[in-house]
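Here the structure is laid out as structure tokens; the discussion comes afterwards.
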Amino acid sequence: MRDLCEMIPIAPTGLRTSVLALGVALALTTGLVATPCAFAQDTAELAISVKDHKFDPAELQAPAGKPIVLRVKNLDPTPMEFESNSLRVEKVLTGNGEAVINIRPQAAGRYDFFDDFHASTTKGVLVVK
């Protein structure tokens, strides 16, 4: 298989390398390519657990306009389904299972969530400020 640089005969090798390096540097400095460190700093990380069909804590808080990474631990031996209509998320967890739920940036407000399998007892709220 031929090298990509061999297939682009429009400029000498040194110039092609410089143009490529310039393009990568430009993309990184203008934010066109998200770096893992930058993404991690802009993300709100939250954790919640479910025990005896109740969320702990029952109320979570997060900043407005930032992506949210929610780690859910099901400490019950039975399955549960983390669900929120307002957040548009739904995730089934096995008994004693864990999941990571990525939530898009939200506007300020209150967002209810529940366990769809035990909706009468397992309710919580995400407060975004």
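What follows is calculated from the coordinates using simple rules that are stated; it is not laboratory data. Predicted, not measured: the structure shown is a model, and the values here were computed from it. Virtual Cβ from ideal backbone geometry, glycine too; neighbours counted across all protein chains shown.
Matching residues to (1) among the basic types (Lys, Arg); (2) under 17 Å from the mean Cα position of the chain (by Cα); (3) in a strand (DSSP E or B):
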| residue | (1), (2), (3) |
| --- | --- |
| Pro77 | no, no, no |
| Ser86 | no, yes, no |
| Ala99 | no, yes, yes |
| Gln106 | no, yes, no |
| Asp112 | no, no, yes |
| Phe117 | no, no, no |
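For region 102-116, filtered to residues that are charged (D, E, K, R) and in contact (Cβ under 8 Å) with a residue 24 or more places away in the chain, the residue that is farthest from Leu46 (Cα to Cα) is Asp116. One residue stands out among those in region 79-129 that are of a type in the set (Gly, Ala, Ser) and closer than 19 Å to His53 by Cβ: the one that is surrounded by the fewest Cβ atoms within 10 Å (Cβ to Cβ), which is Ser120. Contact map, region 78-101: residues that are at negative phi and among the hydroxyl-bearing types (Ser, Thr, Tyr) paired with residues that are assigned to a loop (DSSP other than H, G, I, E, B) and surrounded by fewer than 14 Cβ atoms within 10 Å (Cβ to Cβ), Cβ distance under 6 Å, separation 6+ or inter-chain. Pairs shown: Thr78/Gly95.
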